[in-house]
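Engineer: One structure follows; several queries about it will come next.
The values are calculated or read from the model by the stated rules, or taken from the named source; none is laboratory data. Keep in mind it's a predicted model, so treat the numbers as computed, not measured. Cβ coordinates were reconstructed from backbone atoms using ideal geometry, including for glycine residues, and neighbour counts include every protein chain displayed. Calculation scope for accessible area: heavy atoms of the full protein, side chains included, ligands and nucleic acids excluded. Shrake-Rupley method; radii C 1.70, N 1.55, O 1.52, S 1.80 Å.
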Amino acid sequence: MPDRSAAYRFGGFTLFLAAAVILTALGFQYLGGLAPCPLCLMQRYAYYAAIPLLFVAMALVAEMPRLAAVLFAVVALAFLANAGLGVYHAGVEWKLWAGPDTCGTMQTLSTSAADLLKRLETTIVPRCDEAAWTFLGLSMAGWNAVVSLAAFLGALKAATLAAASAE
C-alpha cells in the first residue's frame, strides 16, 4: 500500500504554493499599488477555490483517501485551466491576440457629471494588454502560468497518491 503521507506532502506543497502566490498578488496590489486588470482578477479564482479545497483534502487523506483524491483532482484541473488563462493573458500582453472588451475600460458609472469628471482625472484604469511588472522577461500573467502548472502537477501527484493509498 502506498504511503498516504506522500499525498499529504504533495498537497501541502501545493497549498503552500497557492497561499504564497495569492498573498504575493495581494501584496503587489495593496502594498505595491499595482491595480489588477479584469484578467488578473480572473486568474485569482483558482487560488481562492484551491486553498480551502486543498486544506480539506489534506485533512481527509488519512481517513477518506478517495474523497481526498477527488478534491486534489478538482484542484489540479482548476490550476490547469488557470495556466491556460495565464498563457492567454500573457499573449494579450505580447499583442499576439486581442483581449476581452472589459480590459482597459472603467467598470462602474458615476451618478453625476462632476463626479465622473473627477474620477476620470484620478482613476488609472489597469489594462490587460500592458504588463505592469516583469521579472526575467515574464509578466505576472506569465509567471502565473508557470506557477499554475507547478500547482497542477503537485495536486495531480497528490490525487494519484491518495487514490493509490485507498486501494
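Engineer: List the residue pairs whose Cβ atoms are under 9 Å apart, where the first residue sits in the stretch 25-40 and is more than 14 Å from Gly86 (Cβ to Cβ), the second is outside any loop (DSSP other than H, G, I, E, B) and at pLDDT below 80, and the two are 6 or more positions apart or on different chains.
Structural biologist: Phe28/Met140; Leu34/Met140
Engineer: Continuing with the same structure: Being closer than 24 Å to Gly99 by Cα and within 16 Å of the chain's Cα centre (by Cα) is the requirement here; does Leu15 meet it?
Structural biologist: No, not satisfied.
Engineer: Within the stretch 66-96, which residues are within 24 Å of Ser5 (Cβ to Cβ), of a type outside the set (A, V, I, L, M) and open to solvent by less than 10 Å² (accessible area, probe 1.4 Å)?
Structural biologist: Within the stretch 66-96, Phe72, Phe79 qualify.
Engineer: Looking at (1) in a loop (DSSP other than H, G, I, E, B); (2) modelled with pLDDT under 70; (3) of a type in the set (A, V, I, L, M), which one does Ala132 not meet, given that it meets all the others?
Structural biologist: Here Ala132 meets the rest and fails (2).
Engineer: Which of the residues spanning the stretch 79-88 are of a type in the set (A, V, I, L, M, F, W, C) and out of contact with any Phe, Trp or Tyr (no Cβ under 8 Å at 6 or more places or on another chain)?
Structural biologist: Ala81, Leu85, Val87
Engineer: Can you confirm whether the stretch 47-61 contains a residue that is part of a loop (DSSP other than H, G, I, E, B) and either surrounded by fewer than 23 Cβ atoms within 10 Å (Cβ to Cβ) or modelled with pLDDT under 95 (or both)?
Structural biologist: The answer is yes, given that some residue of the stretch 47-61 is part of a loop (DSSP other than H, G, I, E, B) and either surrounded by fewer than 23 Cβ atoms within 10 Å (Cβ to Cβ) or modelled with pLDDT under 95 (or both).
Engineer: Within the stretch 34-43, can one find any residue that is open to solvent by less than 30 Å² (accessible area, probe 1.4 Å), modelled with pLDDT of 80 or more and in a loop (DSSP other than H, G, I, E, B)?
Structural biologist: Taking every residue of the stretch 34-43 in turn, at least one turns out to be open to solvent by less than 30 Å² (accessible area, probe 1.4 Å), modelled with pLDDT of 80 or more and in a loop (DSSP other than H, G, I, E, B).
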